[in-house]
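Structure first, then comments.
The values are calculated or read from the model by the stated rules, or taken from the named source; none is laboratory data. Values in this document were obtained by computation on a predicted structure and should not be read as measured data. In this analysis, Cβ positions are derived from the backbone assuming ideal geometry, glycine residues included, and neighbour counts consider all displayed protein chains. Side chains are part of the model used for accessible areas, which takes the heavy atoms of the whole protein and leaves out ligands, DNA and RNA. Shrake-Rupley method; radii C 1.70, N 1.55, O 1.52, S 1.80 Å.
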Amino acid sequence: MKILVLNCGSSSLKYQLFAMEQEQVLAKGLVEKIGLADAIITHKTGDGQKIVNQTAIPDHAKAIELVLAALTDKNHGVISSMKEIDAVGHRTVHGGTTYAKSVLIDDKVVAELKRLIKLAPLHNPPGILGIEACEKIMPGVPMVAVFDTSFHQTMPAKSYIYGIPYEYYEKYGVRRYGFHGTSHRFVAQRMAELLGKPFDDCKIITCHLGNGSSIAAIENGKVVDTSMGFTPLEGLMMGTRCGNIDPAIIPFLMEEETMDIPAINAMMNKKSGLLGISGISSDMRDIEQAAAQGNERAQLALDIFHHNVIKTVGGYIALMNGVDGIAFTAGIGENGPATRKLVCEQFAYAGLQFDAAANQCRGKEVEISKPGSKIRAFVVPTDEELMIARDTKALASK
Ligand code: ADP
């Protein structure tokens with residue numbers, strides 16, 4: 001069975017084609033600058049060939065046509081015809097409270113995704129464009145929507161209701177949704193395998209630390225709490241996002257700086273976090289390097305980042321009354337030994353015996369706790385595309 005996974009952004013599209021028998025990636029790539037005359041498609045085959053093509057790509061439909069052309073190309077193609085694609089999985093950001101699981105897409109689902117645009121105005125529209133373009137180009141091929149929010153729908157109300165008048169939850173759905181759910185689910189399921197326990201019988205904390213960062217506490221297969229909220233702005237301080245701040249800061253600054261809503265939103269989403277504090281970069285590598293060279297603001301940004309992660313992990317251990325394993329994933333989690341060390345060493349008191357030598361690794365699955373450690377810690381590279389492909393296979397085969 002061959003499955004195409006699509007992840008549509010407003011001006012970009014990432015894709016991977018899987019052969020599901022061995023869960024093998026046959027080809028993958030990226031279309032950038034959709035809507036512009038100098039758009040770029042970068043296509044990589046499973047055997048390492050890379051083809052880059054620059055051309056005008058007016059919309060997502062044209063982008064998908066070019067992806068299909070690259071996949072079926074006479075020279076570097078990996079399938080002979082589009083008909084070999086059995087199903088398409090779409091990464092979809094927001095499923096609201098409607099979708100607690102992935103779903104086979106039909107007209108009703110598309111209508112519901114349109115209704116949910118209000119909750120994810122930046123992210124759901126490009127996903128819908130991708131779905132509609134596929135329906136046109138590949139009619140009859142089963143399609144599945146896999147949501148960033150759905151895993152977190154297992155949270156109890158005490159974790160997702162905010163301390164504001166209840167009517168706003170009822171009227172507008174203002175509540176914690178949580179994001180990166182596909183990654184947290186993939187990593188948590190893998191953690192259960194590594195711990196040698198059934199997924200529905202363990203306590204796991206997954207730290208997805210990248211440009212966007214979130215942490216989830218998972219007990220007996222269900223999310224107990226997660227750090228992102230109504231939007232992906234809440235929780236940890238991130239590359240350019242502020243994470244948790246006193247909400248009273250917002251009206252204060254709007255008044256003092258005469259900022260309007262777009263300006264305050266841009267400040268919190270694009271100018272804050274590691275970038276806002278250090279004044280030099282949103283990228284962890286730059287921050288670590290500058291701090292090592294004595295840049296005090298970079299060091300402060302680093303300290304705040306670690307402080308936030310430790311506080312959240314510690315809180316989640318308390319909520320679950322313990323934890324069996326802590327997983328680190330995404331750009332910083334997979335590649336940043338310094339962050340992992342600072343976090344893990346903090347939980348020595350709770351029984352995490354950190355293995356500093358094993359921690360000197362980047363981008364691969366490794367246990368970073370010592371044999372016999374009461375709390376175990378692992379680096380688990382995330383694979384959201386594979387998770388989407390698995391869900392798509394399961395639903396499309398029904
Ligand atoms: P996104 O949220 O955009 O998917 P990623 O998961 O790709 O982000 O993570 C990007 C982050 O990972 C950046 O802050 C980058 O600096 C960090 N990162 C990548 N490699 C390393 C490394 N070797 N050491 C520390 N941080 C790293």
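Observations, loosely collected:
- The chain: calculated mean residue ellipticity at 222 nm from DSSP helix runs of at least 4, using -39500 (n - 2.57): -11000 deg cm²/dmol
- Neighbour cut-off at most 14 other Cβ (10 Å), DSSP loop, GluC sites (Glu not before Pro), region 238-282: E257
- Tensor-based shape of region 12-119 (alpha-carbon gyration tensor, a/c under 1.5 rounded, otherwise prolate or oblate): oblate
- Computed in the context of the full set of protein chains, the accessible area of region 152-249 at 1.4 Å probe radius has 52% of its extent on carbon or sulfur.
- A simple spin-label model places the labels of M82 and I161 4.9 nm from each other, with each point 7 Å out along Cα-to-Cβ.
- When the Gaussian network model of the chain links Cα atoms closer than 10 Å, the mean-square fluctuations of Y168, Y99, Y316 top out at Y168.
- For the chain, the fraction of alpha-carbon pairs in successive 10 Å shells from zero, as %: 5, 21, 30, 28, 14, 2, 0
- Under the Karplus curve 6.51 cos²θ - 1.76 cosθ + 1.60, θ = phi - 60°, whole-Hz ³J(HN,Hα) for region 75-80, x wherever Gly or Pro sits: 8, 10, x, 10, 9, 8
- Against the chain, whose longest principal axis comes from its Cα atoms, helix 261-270 is set at around 80 degrees.
- Of the residues F252, F147, ranked by 1.4 Å probe accessible area with the largest first, the sequence reads F252, F147.
- With Cα atoms, 0 to 90° folded angle of helix 337-346 axis to the chain main axis: 40 degrees
- Inter-part distance where region 273-306 and region 1-74 are each reduced to a Cα centre, Å: 35 Å
- Sequence-ordered 3J(HN,Hα) estimates for region 307-319 from the Karplus curve with 6.51, -1.76 and 1.60 and θ = phi - 60° stand at 4, 5, 5, 4, 4, 6, 4, x, x, 6, 4, 5, 4 Hz, glycine and proline given as x.
- Accessible-area order (highest first, 1.4 angstrom probe) of the listed residues K203, K74, K14, K62: K74, K14, K62, K203
- Cα long-axis angle, helix 384-396 against the chain (0 to 90 degrees, to the nearest 10): 50 degrees
- When only the Cβ of Lys, Arg, Asp and Glu is charged (+1, +1, -1, -1), the dipole of the chain relative to its Cα centre reaches about 500 debye.
- Site pair D283 and D107 shows an inter-label distance of 4.8 nm when each label is modelled 7 Å from Cα along Cα→Cβ.
- With all protein chains modelled, accessible area of F328 [1.4 Å, Å²]: 0 Å²
- Computed lengthening from E23 to A100, 0.36 nm per intervening residue step minus Cα-Cα distance: 25.3 nm
- Overall form of region 118-191 per C-alpha gyration tensor (a/c, 1.5; a/b vs b/c): oblate
- Where labels lie 7 Å past Cα in the beta-carbon direction, separation of E296 and E193 in nm: 4.9 nm
- Given charges at beta-carbon only (K, R positive; D, E negative), |dipole| of region 69-153 in Debye: 200 debye
- Region 326-335 - phi-based ³J(HN,Hα) in whole Hz, Karplus 6.51/-1.76/1.60, Gly and Pro as x: 10, 10, 10, 8, 6, x, 7, x, 7, 10
- For K341, a cut-off of 26 angstrom between C-alpha atoms picks up these lysines, skipping any fewer than 8 places away in its own chain: K197, K203, K311, K364, K370, K374.
- Cα centre as origin, Lys/Arg/Asp/Glu Cβ charges: region 1-89 dipole, Debye: 140 debye
- Here the extension length gained between R115 and Y169 equals 17.8 nm, from 0.36 nm per residue of separation less the Cα-Cα distance.
- Surface per residue (accessible, 1.4 Å probe) for the chain, Å²: 46 Å²
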